[in-house]
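Beneath this line is the structure, given in structure tokens, with notes to follow.
Nothing in this text is a laboratory measurement; each read-out follows from the coordinates by a stated rule. No experiment lies behind these values; they were computed from the predicted model shown. Virtual Cβ from ideal backbone geometry, glycine too; neighbours counted across all protein chains shown.
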Amino acid sequence: MSSPQTYFGSLKNYQKGGVQVISGDPKHYAFSNCFEVASKSKPYEKVAVGKNLKYVIEAVRAEGTSPWFAADHDEAALVMDGEIEVHYVKPDQPQVPAGKEGSIKLSGEPKGKKMGWVKVRRGHMALLPAGSAYQFRSATPGVLLVQTILGDCTVERWAEICQTKA
Amino acid sequence: MSTATISTTGAAAGRGLGYKTFSIGKFHFGRDEYFAHITYPKGLHIIPIDNFLRSLMRDVAWGFFYGTVNFDHVFGTVNHYGTVDMFAGLLNEGYRAAKQDYVETFNSKDLKKVFEDMLADWTNEGFDPFAAPDETGKAFGPKHGNNLKAIQRERMVAKRMVGLPNDLTYRTDAAGQTINRQFTDVPQDKPEVHAEPGFENEVHAFNMFAYVSRSDVTWNPSVVSCVHDSQFCSTTEEQILPITHGNDRVEWFIQASDEIIWDIEDGKTGRPRAKVTMKAGDVAAMPADIRHRGYSPKRSMLIVWENNDGTLPQRYASGELTPYPVEF
């Protein structure tokens, strides 16, 4: 029996499917590929590749050291490619107004207690807990998908990233 | 709403094959070696028994899921979250045009009980309706034994994220949750987690792909992470999605590995709309007015992204929300 070959895709090696329209508009499916999006993104630009009312999935090119971010709710980051560290600080003072949705970019590392860090690779999912500040560090380019809420950091450029023609 | 008494006849119908027949409202169900037979006031419908049991398994396990579970192009259920419609031809253009469609509304608990009993009686030893066809025995023939263990699996739903305290636990060899035969090459490495004292419940990561590689079911999303009503539901897919799912809200797919090809049809009529081929890294929306069925040649990993907000069905049905998630 041959060994299975599970194909994951990466920034350097991905294939893209597509929408074969029989009736309607391919834009209805907002079809994109996270590796393609990340290949054209600036480091740590949070580009929406999924949107369900206020909820979004952001594709992030992880390259170098990111700004510090914070959110008033949980977020989850799934690594699709690469090896990335996530460092966490519990700020002495809340950095995000209570109830504000989406992540915000901080001006720098906030004063507070170091919570720890994780190192995650392809297929790993890290919690970005509510009320923390977090920073990504990646020596080589990688790709994250962040499950979050639409916010100040979310970049929407659907016409650029999605299949628009049948 | 039909409030007919549920009855399950004690004796098998027909040729003494050993199976029970089931009735609820004016629907009657029987099976023989190869087929499920469904009769209702306007007619009869037959579904191959393996397809029927696979569809029935999902409908039961998902509590009738979001929206419509089409067993095939004729028969299915529509979830109204407390009540459920069971129909023949309701979402088939031909049946509707000929006024041959039929639907009854039931209390969800009542219909679920009938479906559970049917699934238990009609699933023979050696057949697992949750497994890929290549992984299980046949559904055919006279009644022989049962497979209660297979059909009584509980749906896995994380409250916040797999692996956190008081949340879903990891899948392990010791628990019998071994790596699936088609995912033996999926890395099982663990992330490094360095939590300072007091932050063990906050600094957390887990290998989601490894977790998914140990799933022993197909086409059965389980929640791995939540952000309020936003749910990442990972699932392993192989061969064909037994049902055609007509969601009552927008949902999204993230293809984590390999490839799935989707047939997309109009949710109400079944008219073809598109074929969507998704490869690893692809992200696509399933609009709120379609139904879809997937084909996965090799076992693949899919993340189904759902919005669990209970107000959505009515908001889409009323036209307050457009069926497409983004306009551009």
Please give the contour-minus-distance gain from residue B:315 to residue B:157: 0.36 nm per residue of separation, less the Cα-Cα distance, rounded to one decimal in nm. 54.4 nm
Spelling it out for residue A:76: with amide H atoms placed in the peptide plane at 1.01 Å from N, the residues 5 or more places away or on another chain with amide H under 5 Å from its amide H are A:128, A:147
I need the peptides B:106-113, B:157-164 ranked by packing, meaning the mean over residues of other C-beta atoms within 10 angstrom, with the highest value on top. B:157-164, B:106-113
Neighbouring partner chain Cβ atoms per residue of A:5-14, average, 10 Å criterion: 5
Post the alpha-carbon centroid distance, region A:41-74 to region B:27-90, in whole angstrom. 41
Quick one: how many lysine pairs in region B:7-150 have C-alpha atoms under 26 angstrom apart, if they're 8 or more apart or on different chains? 25
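Ignore the peptide's own chain and count Cβ atoms of other chains within 10 Å of each Cβ in B:25-38; give me the average, rounded.
On the way: counts 0, 0, 0, 0, 0, 0, 0, 0, 0, 0, 0, 0, 0, 0.
Average neighbour count from other chains, rounded to a whole number: 0.
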Relative to chain B, whose Cα atoms define the longest principal axis, helix B:108-122 and its Cα axis are tilted in degrees, nearest 10, by 80
Pairs of lysines in region A:43-158 (C-alpha under 23 Å apart; 8 or more residues apart or interchain): 21
Qualifying aspartates and glutamates (Cα of each under 19 Å from Cα of residue B:190; at least 8 residues distant if same chain): A:81, A:83, A:85, B:167, B:173, B:200, B:202
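How crowded by other chains is A:41-52, given as the mean number of beta carbons from other chains within 10 Å of each beta carbon? List each step's numbers first, then the result.
Details: counts 0, 0, 0, 0, 0, 0, 0, 2, 6, 13, 5, 14.
Taking the mean over all residues of the peptide, I get 3.
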